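The values are calculated or read from the model by the stated rules, or taken from the named source; none is laboratory data. Quantities reported herein were computed from a predicted structural model and do not represent experimental measurements. Glycine gets a Cβ as well: all are built from the backbone with ideal geometry, and neighbour counts include every protein chain shown.
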Amino acid sequence: MSEKKLNFSTTKIRTISDCPASLEKGKTLTPRTSLTRWERLNDAIVEWLINEAPEDVAIEEAEKNFSYFDQLQQKILKDLFSRFRDIYDKNNSSINVDYPNSSISKFIDDEEVFISAYTQYEILDDNSTEYIKLKVGKTGVSDLDKAIIQKTKVENETFYIADLQNNELSEIDTVDNPDEIIDESFKFLDKYLSGLREPTPGNHCSMCSRTAVCGQYPVIGGEQTKQNYRGILISKTNLQNKDNCERQLAWKTLFHIPKEERDYESSAGIIGTKFHEYSQSMLVNNKHPHKQGELSRLKDLLINEDQEISEMVLRKYQQLLSEIEGLNNLEITLSEHALGFTCITDGLVLNVSQKLYKGKVATTFMGKADLLGRLDGIPLVVELKTGAQLPEHAIEAKLYALGALIQTKEDEVVVLHIYANDKDKKTVERRFTLKQFDSLVEEFQLIAEKVGNWDPSDSLQPKYNVGEWCNFCDFQNTCVEFR
Ligand code: SF4
Ligand code: SF4
């Protein structure tokens, strides 16, 4: 029997379940500032935990870990560090900070394969051991982590989550079906290890370092992306801010500055999401969306929804139907399909030692089209909108058009924006042909050049521009503080 061991963290399991190709060879230098901030915070906490100097000295020393960043990111980190000190009482117990983990294993094809749930700090005294998992974001501990901890922990061990988002240190809870969760993960690993690693693009691409190399977002001009290129991904939603405010675009895409909390999710947002979901399930591969009985079918699908949501979705769907009624030979075949491409430009690259130098940047533009199909035989992209018609929607149409021209290799693409709302109910049609290919490329190349020259350590470098768009910005207070 082979002695070889394979180890997968629970994070890796999640990454490959999103897309099995995301861990394949070949990637770009893609700084993930939120991860870098997390690492520096962890370094500071470790130093503080083991430093026996007086408290103010220990804090000052630990905060030196933040000096690489600009003032805003330092403030974010100091705040998180202070939250940790508020919820955890430092004591004299001995500490292991070498990523302690709990593992569970299974033999797959004669190899022992481990799945490991990692924590950050192991605090030991004579009678007990405490483990602490550090979390700064909104997502809590995964069910797989919980299941592994539940199955492996022994008496006198306690596992905590230091949840800095909610300012609490609480015991990691249990799940009802740990064996099932673990079995599912091993079944999934079995498939992965057997070589099934097709790319599955989606929103998770924004966390991947392979956008410019995996083939889903081809490089314009066919240039080979190299490992020392910097990788950047700009989503179509964030791209819409590009003409209004560079700071907003940069904070969302490159710096992942935490968004300010809103007390509620707007009902318009909830209705918009539901309208998209139900319209997609009604229209994909439906050759007769106008035939009798279709609205009853939608009503049946909506049966478990709140009455107000149900009525609004039905109304908007009827508006959508009336907009597509006159379209000849409409075929909808896909929904939520990722379209995109990559531009290579000169720019600033941050290497693994955090040194900045002039090099090449591969900027991927991607969007998930609401609906895809053909209109009179021509490739078609449909974007559904429940809000007002905005000038920014033009760049979205261009992104889809260029992505579809590249992906289909055909010489024309139609992009429809369908506005299902009481005021503007209408359709905006844009047609793009190969004749526009070069000018489209040039437009995205210019955006890529600008973004590729932003220094990843300095979130205050991109310029802010105040205007009516600030009312919809997620960083209003943070922005005012750092003007
Ligand atoms: S960019 Fe997306 S599709 Fe490509 S490997 Fe990464 S996660 Fe998969
Ligand atoms: S508040 Fe206004 S100026 Fe500031 S980042 Fe947002 S959009 Fe830009």
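Could you list, in sequence order, the residues of region 89-105 that are hydroxyl-bearing (Ser, Thr, Tyr) and buried (at least 19 other Cβ atoms within 10 Å of the Cβ)? Outline the logic, then answer.
In the first step, residues of region 89-105 are kept if they are hydroxyl-bearing (Ser, Thr, Tyr); the result is 93-94, 99, 102-103, 105.
If the condition is that a residue be hydroxyl-bearing (Ser, Thr, Tyr) and buried (at least 19 other Cβ atoms within 10 Å of the Cβ), then Ser102 is the only one that fits.
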Against the definition (over 16 Å from His337 (Cβ atoms), within 16 Å of ligand 1 (Cβ to nearest atom) and either in the same structural domain as Lys133 (by TED's automatic domain parsing) or among the small types (Gly, Ala, Ser) (or both)), how does Gly195 come out, yes or no?
yes
Please name all residue pairs, on different chains or six or more residues apart, with Cβ atoms under 6 Å, provided the first residue is in region 195-223 and is of a type in the set (S, T, N, Q) and the second residue is in a loop (DSSP other than H, G, I, E, B) and away from ligand 2 (no atom under 16 Å from the Cβ).
Thr200/Cys19; Ser209/Lys27; Ser209/Thr28; Ser209/Thr30; Thr211/Tyr217; Gln216/Pro199; Gln216/Pro201
On the basis of being more than 16 Å from ligand 1 (Cβ to nearest atom), within 24 Å of Lys75 (Cα to Cα), in the same structural domain as Leu254 (by TED's automatic domain parsing) and outside any loop (DSSP other than H, G, I, E, B), does Asn477 make the cut?
yes
Within region 237-260, is there a residue that is touching a Lys or Arg at 6+ places or on another chain (Cβ under 9 Å), within 16 Å of ligand 2 (Cβ to nearest atom) and among the β-branched types (Val, Ile, Thr)?
yes
Would you confirm whether or not region 433-450 contains a residue that is surrounded by fewer than 18 Cβ atoms within 10 Å (Cβ to Cβ) and either assigned to a strand (DSSP E or B) or within 16 Å of ligand 1 (Cβ to nearest atom) (or both)?
yes
Of the residues that make up region 453-469, is at least one assigned by TED's automatic domain parsing to the domain that holds Glu412, touching a Ser or Thr at 6+ places or on another chain (Cβ under 7 Å), buried (at least 16 other Cβ atoms within 10 Å of the Cβ) and of a type in the set (A, V, I, L, M, F, W, C)?
no
Tell me, which helices (runs of 4 or more DSSP H) wholly within region 1-63 include 2 or more residues that are within 16 Å of ligand 1 (Cβ to nearest atom) and under 30 Å from Thr253 (Cβ atoms)?
10-18
If we scan region 277-294, do we find a residue that is touching a residue at least 60 places away in the same chain (Cβ under 8 Å), crowded, with 18+ Cβ neighbours inside 10 Å and within 16 Å of ligand 1 (Cβ to nearest atom)?
no
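Rundown of residues vs (1) under 24 Å from Tyr121 (Cβ atoms); (2) touching an Asp or Glu at 6+ places or on another chain (Cβ under 7 Å); (3) not polar (S, T, N, Q), yes/no style:
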| residue | (1), (2), (3) |
| --- | --- |
| Cys19 | no, no, yes |
| Ser22 | no, no, no |
| Thr30 | no, no, no |
| Glu61 | yes, yes, yes |
| Asn65 | yes, yes, no |
Please identify the pairs in which a residue from region 20-35 that is over 10 Å from Gly231 (Cα atoms) and touching a residue at least 40 places away in the same chain (Cβ under 8 Å) has its Cβ atom under 9 Å from the Cβ atom of a residue that is of a type in the set (Asp, Glu) and more than 8 Å from ligand 1 (Cβ to nearest atom), counting only partners at least 6 apart or on another chain.
Pro20/Glu198; Ala21/Glu198
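Could you check region 462-471 and list, in sequence order, the residues that are within 8 Å of ligand 2 (Cβ to nearest atom) and not β-branched (Val, Ile, Thr)?
Residues of region 462-471 within 8 Å of ligand 2 (Cβ to nearest atom): 464-467, 469-470.
Selection gives Tyr464, Asn465, Gly467, Trp469, Cys470.
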Could you tell me whether region 236-249 includes any residue that is surrounded by 19 or more Cβ atoms within 10 Å (Cβ to Cβ), within 16 Å of ligand 1 (Cβ to nearest atom) and touching a residue at least 60 places away in the same chain (Cβ under 8 Å)?
yes
Can you confirm whether region 379-397 contains a residue that is surrounded by 23 or more Cβ atoms within 10 Å (Cβ to Cβ), without any contact (Cβ under 8 Å) to a residue 40 or more places away in the chain and of a type in the set (Val, Ile, Thr)?
no
